[in-house]
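This report concerns only the one structure given below.
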C-alpha cells in the first residue's frame, strides 16, 4: 500500500488553522486561522475530491483526527454539497490514528495505533495495492518523512504569508531531496505540487582555489 500525504500550506510554510473557521486551532496564540477558506478554484476542488476518492484508508494524527471527527464525522452527505467524495471516503474507509492518548474513539471505522507505530505502519504498507492517505497531521507527517515511510507528498500552497503559526517542516532536521512528479497552478494562484522522496540532496562543492565543482551527494 502506498503511503501519501496531502497538506495545505502558506507561502511561509504554515499549516496551522487552515480550516473554515478562525478559531479552529488557537495553539500558542495563533489568531490567523481560516486562511485556506475560499482558496482554490473548481479544478483544485476537483483534485482534492479525486484524491480522497482513491484512498483505501486514512492515517491521521490525534489532533487532525479530532478536528475531522468533530466536523466531517458529525455531518451527513446532504451537509457537504460539492464535497461528497471527501465525506463518503472519510465515512466509509478505515481510519487509523497515531496516538498514545486517544481512547475509545466514537467515529465508526477508527483504529488507534498506540504501540510500535513504525511496525504498525509497515504492516499497513505491506498490504498489496491501494493508498494509505495522511491529511494535515503535521507532527505525524514529519515523523513519517524522518523515517522514510512516505512514498508521495502533495503540497497545496495557498498564496498568503501569515508570519505566525506552526509550520509543516522544522527549522532544523534531516535533509531530503524530492522529485517533482506533478505540478499545476489554478486561476486563484493556488499551486499543487506532488513530490516523490528521492534520498538525500546534492550540495555544491569547491576546490582548494574556491572554484565551484559539480554538485555531489553529501556523505555521512
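Things to note:
- Within region 144-156, the set of residues being surrounded by 13 or more Cβ atoms within 10 Å (Cβ to Cβ) and in contact (Cβ under 8 Å) with a residue 40 or more places away in the chain comprises 144, 145, 149, 150, 151, 152, 153, 154, 155, 156.
- Complete set of residues in region 157-175 that are in contact (Cβ under 8 Å) with a residue 40 or more places away in the chain and within 17 Å of the chain's Cα centre (by Cα): 157, 158, 165, 166, 167, 168, 169
- Considering only residues in region 133-156 that are at pLDDT below 95 and either within 21 Å of residue 48 (Cα to Cα) or part of a strand (DSSP E or B) (or both), the one that is nearest to the chain's Cα centre (by Cα) turns out to be 136.
- Those residues of region 176-197 which are surrounded by fewer than 13 Cβ atoms within 10 Å (Cβ to Cβ) and over 18 Å from the mean Cα position of the chain (by Cα), in sequence order: 187
- Residue 175 over 17 Å from residue 9 (Cα atoms) and assigned to a loop (DSSP other than H, G, I, E, B): yes
- The requirement of being under 28 Å from residue 149 (Cβ atoms) and in contact (Cβ under 8 Å) with a residue 40 or more places away in the chain is not satisfied by residue 90.
- Test: residue 106 is more than 13 Å from residue 63 (Cα to Cα), touching a residue at least 24 places away in the same chain (Cβ under 8 Å), touching a helix residue (DSSP H, G or I) at 6+ places or on another chain (Cβ under 8 Å) and outside any helix (DSSP H, G or I): yes
- Subset tally (residues that are in contact with a strand residue (DSSP E or B) (Cβ under 9 Å, 6 or more places away or on another chain), closer than 20 Å to residue 25 by Cβ and either assigned to a helix (DSSP H, G or I) or free of Cβ contacts under 8 Å to residues at least 12 places away in the same chain (or both)) for region 44-65: 4
- In region 70-83, the residues that are without any contact (Cβ under 8 Å) to a residue 40 or more places away in the chain, surrounded by 16 or more Cβ atoms within 10 Å (Cβ to Cβ) and in a helix (DSSP H, G or I): 72, 73
The values are calculated or read from the model by the stated rules, or taken from the named source; none is laboratory data. A quick note: this is a predicted structure, and the numbers were derived from the prediction, not measured. We place every Cβ from the backbone using ideal geometry, glycine too, and count neighbours over all the protein chains shown.
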